[in-house]
1. Using only the Cα atoms of the stretch 117-247, construct the convex hull and provide its projected area averaged over every direction, in square nanometres to one decimal.
2. Along Cα→Cβ, 7 Å out, is where each label goes; now give me the distance between the ones at residue 92 and residue 313 in nm to one decimal.
3. Starting from 0.36 nm per residue, how many nanometres of slack lie between residue 240 and residue 268 once their C-alpha separation is accounted for?
4. Checking the a/c ratio against 1.5 first, then a/b against b/c, what shape does the Cα gyration tensor give for the stretch 173-296?
5. In the stretch 108-142, which residues have a backbone nitrogen under 17 Å from the label point lying 7 Å from residue 166's Cα in the Cα-to-Cβ direction?
6. Taking a ≥ b ≥ c as the square roots of the Cα gyration tensor eigenvalues, with a/c under 1.5 meaning rounded and otherwise prolate when a/b beats b/c, else oblate, which class fits the stretch 55-185?
7. Taking the convex hull of the alpha carbon atoms in the stretch 66-338, what volume per residue do you get, in Å³?
8. Quick check: from the Cα gyration tensor, does the stretch 220-271 come out rounded (a/c under 1.5), prolate or oblate?
Ligand SMILES: *[C@@H]1O[C@H](CO)[C@@H](O)[C@H](O)[C@H]1NC(C)=O
């Protein structure tokens, strides 16, 4: 009997000891915190953003690092095609995309389809839009290409050609370099660059647009969107400069490539390409910064921050100083849309 009592006492002490460690050990506690909040710095972000609006002046806002602290991520690019089924067929059979979701909205006379290389919670996607009755679009000369990473460009090109795809630049190393690339045109005339590179996560690695003033646009994308300049290449011989901008390293996330051709100040945007969508934790806070940066370097807000009628997803839409459109989409609302 006495023996049993001491066992129970020991058991109780041991239990208390474990509980005490669990509550007071900073290492265990921080591990618990980290695993229960997927983004622990979120809390600090909110504190930061409320400080921002309460105590900083407008000009300090324009210099604010909210866009860099925000949870930004490339979500998708939107453009128009003249035949949705034809586009889906080409993207899935020749380029390796998966059809992710599709929707028909007869009341507004359009349908759309999302294609990508994986689930939209962590992969970039293309939103193809078909407007009833419109069978072709002017691509314009400002849109450059979409870049897709592939381990073997020669093999990819062979497969695309076998399926009737149009190769507009045969595979081979880039001029003055070693990276093997090729260009393919989709059935609507949008160019895809196949770039030989090992794929770490998402093969959709870039969107390339031409712009009329590189320094001005870099300023806009850094300050208003929180992008980092990942790489800049000047090629005086070919008379162009490119800048690659993004939220992570070039081989980790989709990036925006801006091309400046010496002396060319303007491009036609055409009617096909629409916009890039990027996630944010706060469309209102983001809009304040965009507005102030736009006053300084150009560009303007075209869709005021707030919920889109019908679906309720909060967005803010705006043009860069060159006229290219971006839409910031509330991260939580976007996840709800995916459900
Ligand atoms: C290739 O180009 C031809 C001629 O423009 C066109 O008829 C055909 O549909 C294109 N094929 C694809 C898969 O885009």
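1. The Cα convex hull of the stretch 117-247, projected and averaged over all directions, gives 10.1 nm².
2. Inter-label distance under the simple model: 2.1 nm.
3. Working: separation 28, 0.36 × 28 = 10.08 nm, distance 1.80 nm.
Gain on extension, residue 240 to residue 268, equals 8.3 nm.
4. Numbers: a/c = 1.57, a/b = 1.34, b/c = 1.17.
It is prolate, given that a/c is not under 1.5 and a/b is the larger ratio.
5. 135-142
6. On the way: a/c = 2.06, a/b = 1.26, b/c = 1.64.
Oblate is the answer for the stretch 55-185, as a/c is 1.5 or above yet b/c matches or exceeds a/b.
7. Values: hull volume 32.7 nm³, N = 273.
Per-residue hull volume (Cα only) is 120 Å³.
8. Numbers: a/c = 2.07, a/b = 1.40, b/c = 1.49.
It comes out oblate by the Cα gyration axes.
Laboratory data are not the source of any read-out in this text; all were calculated from the coordinates shown. It should be emphasised that the depicted structure is a prediction, and the values quoted were computed from it without experimental measurement. For neighbour counting, all protein chains shown are included, and Cβ atoms are generated from backbone atoms with ideal geometry for every residue, glycine included.
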